[in-house]
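The structure appears below as structure tokens.
The values are calculated or read from the model by the stated rules, or taken from the named source; none is laboratory data. Note that the coordinates shown come from a computational prediction; the quantities given were computed from them, not determined experimentally. Glycine also receives a Cβ, built like all others from the backbone with ideal geometry; neighbour counts cover every protein chain displayed. With ligands, DNA and RNA removed, areas are computed over all heavy atoms of the protein, side chains included. Shrake-Rupley method; radii C 1.70, N 1.55, O 1.52, S 1.80 Å.
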Amino acid sequence: MDAEEVTGPTETGDWAGRHVCVAGIGLSGRAAARVLAEWGARVTVVESRDGDGERAHAAELEALGIAVRLGDGETLPEGADLVVASPGWRPDAPLPAAAAAAGIEFFSEVELAWRLRGPGPTGEPAPWLALTGTNGKTTAVRMLTEILKAAGHAPLAVGNVGTPIVEAVLDKTYDVFAVELSSYQLHWSSSVRPHAAAVLNVAPDHLDWHGSFDAYAAAKAKIFAPGTVAVVNADDPPAAALGPAGCTGFTLDVPASGQLGVVEDLLVDRAFVDDPRTSAAELAQLSDVRPFAPHNVANALAAAALARAFGVPPEAVREGLRAFVPDPHRISHVATVGGVDYVDDSKATNPHAAASSLAACRSAVWIAGGLLKGADVDDLVRSAADRLRGVVLLGRDRARIAEALARHAPDVPVVDVADTDTGAMDRVVTEAAGLAQPGDTVLLAPAGASWDMFTSYGARGDAFAAAVRRLAAVTPGGD
């Protein structure tokens, strides 16, 4: 569907009198409800959960005249003629099925934002530079934002990165948006047209939501629209396969014409230059990428490609990468205790991310486990086997990782921690310390989501860091 074929309301006055159902009372759902109510729509928010947090959010919305129905996210409110969904609303859920049966559009908050985007500082809607991928999205979007700032732009990181895009697009302050898009958001979007977009990587994840790897990849591919400058990871075959013919690639090898890549210790551009066949632009040094790891260099190249597609000069790429401050729980060094480095990569919530993290270690005691979300771990264990000093397992799906270790790394010592109480991470860290030798890295890269034991990957990482600090306090030479 072309942008001009969109049938939903796009102007403020078009929403008056519409009855819109907003599915989900999370951050983006509340933002969508507020914006729609301000524009005159009659809004009903539906939410399956009915806890203290949901009730507090409901009270805030009800004070604005927005109806809220908690404890029932499966049925359409009577008279609703449109559904705007928060991320995560499964395709096989009753609510989208009910909307389809009634002939009612069902789309994401991101799609709503695209349809509502208002004029920016230039008078035209601010362009979107979009990123998706199984891993690295937030890091790459943060890098991109810093690069755009260094070039003198007024950017904002939005989407899956935390800031609801539906409110941001109505703010005339920003002249460009760095947009992180998840597979969930892309699945429920149809007319989004970024100026430039990149797919960082594609590996099995969220298969329980999408139903298959092919459906997951197809959702990622929706980021490439007609007219969008397409960028793909040339080193990642599933990601590269999603790009249209002639798209721009990035690689950790020496780049071919039309690519960005690495030459000795330099990041270089052979795509967005006057003559890609004969010239290249130096963008940055490898030492400008922090934290340094191969997959993070790939993130930097993707961010640079989007910025260059937007006309950013080479020197701004270097300045932006140097200004970038990594978010917590992404290959974060916690402490060195007894000659062993302790690293928190709790954000590694799937096997692909954990594999990238382990690949940066020469010898690791790996802390793994959690919710695997239907993902297979055999390839991960097989690829990391020769650098594993030992493994400590925790969480609900730890037995599946143990089985893979028995098949592909039978000589690696494995400790199974069945505890789920608040002291579980202390035992995990103590067991890891017992397996580690000076020069090793104890790496929390769980390969699974955290919700079986923790409220978030951040809470899991915080528990790990706190346990490491307690270990350091009682260990001679700990820092």
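In terms of overall dimensions, region 357-479 has a Cα radius of gyration and Dmax of 13.6, 42 angstrom. When only Cα pairs below 8 angstrom with a gap of at least 6 residues are kept, the chain shows a relative contact order of 11 percent.
Given the Cα-Cα distance of GLU105 and ASP265 and 0.36 nm per residue of separation, how much length would full extension add, in nm?
Numbers: separation 160, 0.36 × 160 = 57.60 nm, distance 5.03 nm.
Extra length from GLU105 to ASP265 when fully extended: 52.6 nm.
For region 96-173, the alpha-carbon coordinates run over 49, 34, 15 Å along the three principal axes, in decreasing order. Using 0.36 nm per residue and subtracting the Cα-Cα separation, the extra length available between ARG396 and VAL325 on full extension is 22.3 nm.
Taking the alpha carbon gyration tensor of region 438-479, multiplying each eigenvalue by 5 and rooting it gives semi-axes of 24, 13, 6 Å, largest first.
Quotient of the Cα radius of gyration of region 18-86 and 2.2 N^0.38 Å, N being its number of residues: 0.95. With the helix formula -39500 (n - 2.57) applied to DSSP H stretches of n ≥ 4, the chain reaches a computed 222 nm mean residue ellipticity of -9500 deg cm²/dmol. Give the residue from SER279, HIS333, PHE292 lying farthest towards the positive end of the charge dipole for region 252-371; charges sit on Cβ (+1 for Lys and Arg, -1 for Asp and Glu) and the dipole is referred to the Cα centre. About the Cα centre, the residue reaching furthest to the positive side is HIS333. Summary of packing: across the peptides 58-64, 263-269, the per-residue average of other C-beta atoms within 10 Å ranks them, highest first, as 263-269, 58-64. As an exercise, use a Förster radius of 51 Å and the Cβ-Cβ distance of ARG362 and ASP72 to find the FRET efficiency, rounded to the nearest 0.05. For ARG362 and ASP72, the calculated efficiency is 0.45.
Please report the base-10 log of the normalised intensity I(q)/I(0) for region 209-339, using a Debye sum with one equal scatterer per alpha carbon and no solvent, at each q in 0.13 (1/Å). Log10 I(q)/I(0), no solvent term: -0.60.
Ligands, DNA and RNA aside, SER356 has an accessible area near 30 Å² when probed at 1.4 Å. The charge dipole of region 58-190, taken about its Cα centre with unit charges on the Cβ atoms of Lys, Arg (+1), Asp and Glu (-1) only, comes to about 500 debye. With a simple spin-label model that places each label point 7 Å from the Cα along the Cα-to-Cβ direction, the separation between ARG90 and HIS19 comes to 2.8 nm. Put simply, the amide H of VAL392, placed in the peptide plane, has neighbours under 5 Å in TRP366, ILE367, ALA368, VAL415, leaving out anything fewer than 5 places away on its chain.
Remark: spin-label model distance ALA63-ARG469 equals 3.4 nm, labels positioned 7 Å along the Cα→Cβ axis. Every Cα-Cα pair in region 45-125 was counted, and those over 19 Å apart are 48% of them.
For the Cα trace of the chain, dividing Rg by the Kirkwood Rh returns an Rg/Rh value of 0.99.
Starting from region 376-449, pick out the trypsin sites (Lys or Arg not before Pro) whose DSSP state is loop and whose Cβ has at most 16 other Cβ atoms within 10 Å.
Details: sites: ARG382, ARG387, ARG389, ARG396, ARG398, ARG400, ARG407, ARG427; in loops: ARG396.
Those that pass, being in a loop and sparsely packed, are ARG396.
When the alpha-carbon atoms of region 5-151 are used, the pair Rg, Dmax equals 16.7, 50 angstrom. Note that region 294-414 carries a Kirkwood radius of 16.2 Å, evaluated over its alpha carbons pair by pair. Applying 1/(1 + (r/R0)^6) with r as the Cβ-Cβ distance of THR420 and SER456 and R0 = 22 angstrom yields a FRET efficiency of 0.85.
Rolling a 1.4 Å probe over the heavy atoms of the protein chains gives the chain an accessible area of 39 Å² per residue.
Based on Cβ point charges of +1 for Lys and Arg and -1 for Asp and Glu, what charge dipole magnitude is obtained for the chain about its Cα centre, in debye rounded to the nearest 20? Write down the numbers at each step before the final one.
Details: 38 positive and 61 negative charges, 93 e Å.
For the chain, the charge dipole is close to 440 debye.
Taking the charge dipole of region 66-211 about its Cα centre, with +1 at Lys and Arg Cβ atoms and -1 at Asp and Glu Cβ atoms, the residue from ALA113, GLY152, VAL176 reaching farthest to the positive side is GLY152. Only protein heavy atoms count here; under a 1.4 Å probe, HIS210 has an accessible surface of about 20 Å². Beyond 23 Å, what percent of the Cα pairs of region 184-285 remain? Beyond 23 Å sits 33 percent of the P(r) for region 184-285. Every pair of different Cα atoms in region 285-344 enters the Kirkwood calculation, which places the hydrodynamic radius at 12.9 Å. Spatial offset of region 154-192 relative to region 295-338 amounts to 20 Å, using the alpha carbon center of each.
For region 193-241, the percent of C-alpha pairs falling in each 5 Å distance bin, counted from 0 to the bin holding the largest distance, reads 5, 24, 27, 23, 15, 7, 0.
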